[in-house]
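Undergrad: Questions regarding the structure given below will be posed in turn.
Bear in mind that the values in this text are calculations on the coordinates, not laboratory data. Please read these numbers as outputs of a predicted model, since none were measured by experiment. Heads up, the Cβs are rebuilt from the backbone with ideal geometry, glycines too, and the neighbour counts pull from every protein chain shown.
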Amino acid sequence: MTSDFAAVAAHPVPPDTGPPNPVPPDTGPQLNLPAITRWFRRHGRELPWRHPDAGAWAVLVSEVMLQQTPVARVLEPYSSWMQRWPTPDALAAEPAGAAVQAWGRLGYPRRALRLHAAAAAITERHAGVVPATLDELLALPGVGEYTARAVLAFAYRRRAAVVDTNVRRVLQRRLHGNDDGRPATAADRAELLALLPAQHERAATASAAIMEFGALVCTARQPDCGHCPLPAGCLWLATGRPTATTPRRTQAWAGTDRQVRGRLLAIVRDAADRGVGQVLLPELESAWGEPVQRERCLQSLLADGLLVRSGPAVRLPGH
Ligand code: SF4
């Protein structure tokens, strides 16, 4: 197993006391969710948002933070965030700039604004309780098909097809012998939904299990097929692990607008951390020497609402 895999702790999911799920015979491609779920009960990571008492707000916060961000980077900001804002109304009571400031260096900071907007909507429309229906969740700002189903499954223990890139990869490899690296689609959700156990609690655990299996064993770059707990029924392994049909993108960082935006925002955020309300525009010149790109990125931060213009200075929204 990988070092990640060796580091996982026992998972607090209680043992399933119901009748055993039948394990399908080894007759061709199969997902084998019962075996994946058994693996998960032994090896799934103990993460704070998976604690049975974590609640729906904790699940929503974690899912937004985990978008395009690995677990290891999320743990500390998640803990600070939940201590400061344990409920949606606690976050909604503060200006959006406080969320941007607390987001720190987690990246993709528009997620902080979306989470703040979702907290405000939950407070206004649902009396501070994260809704428990798909339609109501999808109506929240910044909550998409994946996040809505993740809240349903992981917080409310409902039968919902939660398909991220990890889950899609496992489905594609095992059932279709394919490894195209493409994002999840409605067709993937329909395929998984047909395979989930009928009972809600079991389906919710199976959803978490397949996601964890994709994150720790059947990984994108180094699937641990040699130690896979369920090699039988995997079409991708049976066909010699054909190379990916779509090359995986490695996101460039150095010199990109993302990097420049991050530097500009960091200057204003650091000033806010020191209790300084605003930053004069010339002070931003130290962030990036190239003026055209710097100005473009500053304008995009203003357009996104991550910064607010205040005469000859900029500040975080609401600060
Ligand atoms: S055998 Fe390899 S590709 Fe197939 S499920 Fe296991 S880790 Fe994934």
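Undergrad: With a cut-off of 8 Å between alpha carbons and a minimum separation of six or more residues, what is the relative contact order of region 270-319 in percent?
TA: 41 percent
Undergrad: Give the Rg (one decimal place) followed by the Dmax (whole number) of the chain, computed from C-alpha coordinates and expressed in Å.
TA: Final numbers for Rg and Dmax: 21.8, 70 Å.
Undergrad: Now for a different question. Multiplying the sequence separation of Glu201 and Thr219 by 0.36 nm and subtracting their Cα-Cα distance, what value in nm do you get?
TA: Numbers: separation 18, 0.36 × 18 = 6.48 nm, distance 2.58 nm.
Taking Glu201 through Thr219 to full extension adds about 3.9 nm, to one decimal.
Undergrad: Here's something else I'd like to know. Non-local amide H neighbours of Ser310 (under 5 Å, H modeled in plane, Pro and chain starts lacking H): which ones?
TA: For Ser310, whose amide H was placed from the backbone, the distant partners under 5 Å are Arg315.
Undergrad: Output ³J(HN,Hα) for region 305-319: one whole-Hz value per residue in order, computed from phi by the Karplus curve 6.51 cos²θ - 1.76 cosθ + 1.60 with θ = phi - 60°, and x for Gly and Pro.
TA: After applying 6.51 cos²θ - 1.76 cosθ + 1.60, I find x, 7, 10, 10, 6, 9, x, x, 9, 10, 8, 6, x, x, 8 Hz.
Undergrad: Okay, moving on. Going through region 176-233, which trypsin sites (Lys or Arg not before Pro) have at most 13 other Cβ atoms within 10 Å and a DSSP loop state?
TA: Details: sites: Arg189, Arg202, Arg221; in loops: Arg221.
Hits after loop and neighbour filter: Arg221.
Undergrad: Multiplying the sequence separation of Arg73 and Leu134 by 0.36 nm and subtracting their Cα-Cα distance, what value in nm do you get? Could the numbers behind the result be given before it?
TA: On the way: separation 61, 0.36 × 61 = 21.96 nm, distance 2.85 nm.
Stretched fully, the Arg73-Leu134 segment lengthens by 19.1 nm.
Undergrad: Another question, if that's okay. Could you work out the local net charge near Arg110, counting Lys and Arg as +1, Asp and Glu as -1, over the other residues with Cβ closer than 12 Å to its Cβ?
TA: Details: positive: Arg111, Arg114, Arg258, Arg261; negative: Asp304.
Net local charge, Arg110 excluded: +3.
Undergrad: By how many nm would the segment from Arg309 to Ala238 grow when fully extended, if each residue of separation counts as 0.36 nm and the alpha-carbon distance is taken off?
TA: Values: separation 71, 0.36 × 71 = 25.56 nm, distance 5.87 nm.
Result: 19.7 nm gained on full extension.
Undergrad: Can you tally the net charge around Val59? Count Lys and Arg as +1, Asp and Glu as -1, for every other residue whose Cβ sits under 13 Å from the Cβ of Val59. Please list the in-between numbers first.
TA: Values: positive: Arg50, Arg149, Arg157, Arg158; negative: Asp53, Glu63.
With Lys, Arg at +1 and Asp, Glu at -1, the net is +2.
Undergrad: Under the rule of -39500 (n - 2.57) per DSSP H run of 4 or more residues, summed and divided by the residues of the chain, what mean residue ellipticity at 222 nm is obtained, to the nearest 500 deg cm²/dmol?
TA: Working: 15 runs with 155 residues, N = 319.
Mean residue ellipticity, 222 nm, calculated: -14500 deg cm²/dmol.
Undergrad: Would you grab the residues whose amide H sits under 5 Å from the one on Gln199? Only those 5+ places off in sequence or on another chain, please, with H modelled 1.01 Å from N.
TA: none
Undergrad: From the phi of every residue in region 119-133, what ³J(HN,Hα) in whole Hz does the Karplus formula 6.51 cos²θ - 1.76 cosθ + 1.60 yield, where θ is phi - 60° and glycine or proline is x?
TA: Using θ = phi - 60°, the values come out as 4, 5, 5, 4, 5, 6, 8, 10, 6, x, 10, 4, x, 10, 10 Hz.
Undergrad: What does the net charge come to around Ala127 if you take all other residues with beta carbon closer than 14 Å to its beta carbon, with K and R at +1 and D and E at -1?
TA: Details: positive: Arg125; negative: Asp89, Glu124, Glu136.
Computed value for this residue: -2.
Undergrad: If each of Arg182 and Arg84 carries a label point 7 Å out from its Cα toward its Cβ, how far apart are those two points in nm?
TA: For the pair Arg182/Arg84, the computed spacing is 4.0 nm.
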